[in-house]
Each structure stands twice: as structure tokens, then as C-alpha cells.
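See below for the structure under consideration.
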Amino acid sequence: MKEEKIGFTIGKFAPFHKGHQYLIETALNEMDKVIVVVYDTDVIDTPTKERANWIKELYPQVEIKYAHNPPSQYGLDDESVKIQMEYLTEIMKEEKPTHFYSSEKYGACVANYMNIVDRRVDSERKKVPIRASEVRSNIEQNKQWIENNVYNDLKKYYL
């Protein structure tokens, strides 16, 4: 019997943009199941559930998990990685992921800790040259990088 391929990714999706879409679409094309973990954050005023809904509207087939009250300690040092991985492992405890999808260096940490495949997607931002921080810095100027539902929600908070 063939093992089910389960991929997952994590993020604040603050805001959800075309780079995130490319990552999720890559996972959907390669996996049997895709899980997206949406983290609470204070870098954007849009609530976590609303950010998750942006994803579900475009990709109803993905499973959403929430990372409420995540640890505040971030980084790639051993202690930060340990804290974050224990937290993430608790969120994913019911799942048996086989692949971790990301565009970030921390992808290797997650994959190594969980003993799964590190599937890096467009880490140099050549296919989709945008970051969420750039969108946040000027929503109007960067609106081509976000879907209309995201733009309309962001206007409520920022414009």
C-alpha cells in the first residue's frame, strides 16, 4: 500500500500573497494532502481567522490549523529552534506529514526535527519576487501581488 504524501507549511500570511499561493499550489500538485498552519501575529491587524479564510477561499481542499499564542522566541539558534519545534510538533501531533514546504531557511530545521522532506520552493523569489513585508509597506503599490479578497480586507485596516 502506497504511503499517503502529506505536505504542510506554516506562516503568518500577513498578508497572503502570490508567493504564498505559488508555494501552496506547488504542494497541492505534489501531495495527497496539504495542511496550512496559520500563526497569530502582531505584524498585521487582520485577525488570524480572516487570514486563514483568504487561503480557504482559494484553496478549499487544504486543511487549516491555527497556531494561537505561539512562542515569542524566534531564530535559527538551537534554543529558539527547540522551542518553536516543540510548539509546532504539538500542533501537528494528529498528523503524519512527509514533506515540509517553505521558501525560508528555517525549512531545514522543521524538516530535520520532524524527520521529513525539506521541500524548498522559490527561496530566491525568482518566480514570484515579493515578500509580505513589501506588500505591507505599500498596499496600493503592491496590490498586483495579492488577490482582490485580500486587498479588500486590507483596505478596512490600512487605507
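Every number here is computed from the coordinates shown, using simple stated rules; none is lab data. Everything numeric here is computed off the predicted structure, so don't read it as measured data. Every residue, glycine among them, receives a Cβ derived from its backbone with ideal geometry; neighbour counts consider all protein chains shown.
What FRET efficiency do you get for residue 134 and residue 113 if R0 is 30 Å and r is their Cβ-Cβ distance, rounded to the nearest 0.05?
Efficiency computed from Cβ-Cβ geometry: 0.55.
If you stretched the chain out fully between residue 86 and residue 40, how much longer would it get, using 0.36 nm times the residue separation minus the C-alpha to C-alpha distance?
14.9 nm
In terms of modelled amide H atoms, which long-range or inter-chain residues lie less than 5 Å from the amide H of residue 37?
When sequence neighbours closer than 5 places are left aside, the close amide H contacts are 9, 10, 11, 65.
For the chain, find the longest principal axis of its Cα atoms and tell me its angle to the long axis of helix 48-58, 0 to 90°, nearest 10.
90
Treat every Asp and Glu Cβ in the range 72-159 as -1 and every Lys and Arg Cβ as +1, leave all other atoms uncharged, and give the resulting dipole magnitude about the Cα centre to the nearest 20 debye.
It works out to roughly 420 debye.
For the range 6-158, what class follows from the C-alpha gyration tensor (a ≥ b ≥ c being the square roots of its eigenvalues): rounded when a/c is under 1.5, otherwise prolate if a/b is larger than b/c, else oblate?
Details: a/c = 1.58, a/b = 1.41, b/c = 1.12.
Prolate.
Tell me, what ³J(HN,Hα) does each residue in the range 102-107 have, in order and in whole Hz, if you take phi through Karplus 6.51 cos²θ - 1.76 cosθ + 1.60 with θ = phi - 60° and put x for Gly and Pro?
So the Karplus estimates, Gly and Pro as x, are 7, 10, 10, 4, 5, x Hz.
On full extension of the chain, what length is gained from residue 66 through residue 28, given 0.36 nm per residue of separation minus the C-alpha to C-alpha distance?
Numbers: separation 38, 0.36 × 38 = 13.68 nm, distance 1.93 nm.
Gain on stretching residue 66 to residue 28: 11.8 nm.
Taking a cut-off of 28 Å between Cα atoms, list the lysines near residue 96, but don't count ones fewer than 8 places away on the same chain.
2, 5, 12, 18, 33, 49, 56, 65, 82, 105
How much length, in nm to one decimal, is gained on full extension between residue 49 and residue 96, taken as 0.36 nm per residue of separation minus their Cα-Cα distance?
Numbers: separation 47, 0.36 × 47 = 16.92 nm, distance 2.41 nm.
Length difference between fully extended and current span is 14.5 nm.
Mind listing the phi-derived Karplus ³J(HN,Hα) values for the range 20-26, rounded to whole Hz, using 6.51, -1.76 and 1.60 with θ = phi - 60°, and x for any glycine or proline?
Listing the rounded values in order: 4, 4, 4, 4, 5, 5, 4 Hz.
Quick one: 3J(HN,Hα) in Hz for the range 89-101, Karplus 6.51/-1.76/1.60 with θ = phi - 60°, rounded, Gly and Pro as x.
4, 5, 5, 9, 4, 7, 9, 10, x, 10, 9, 10, 9
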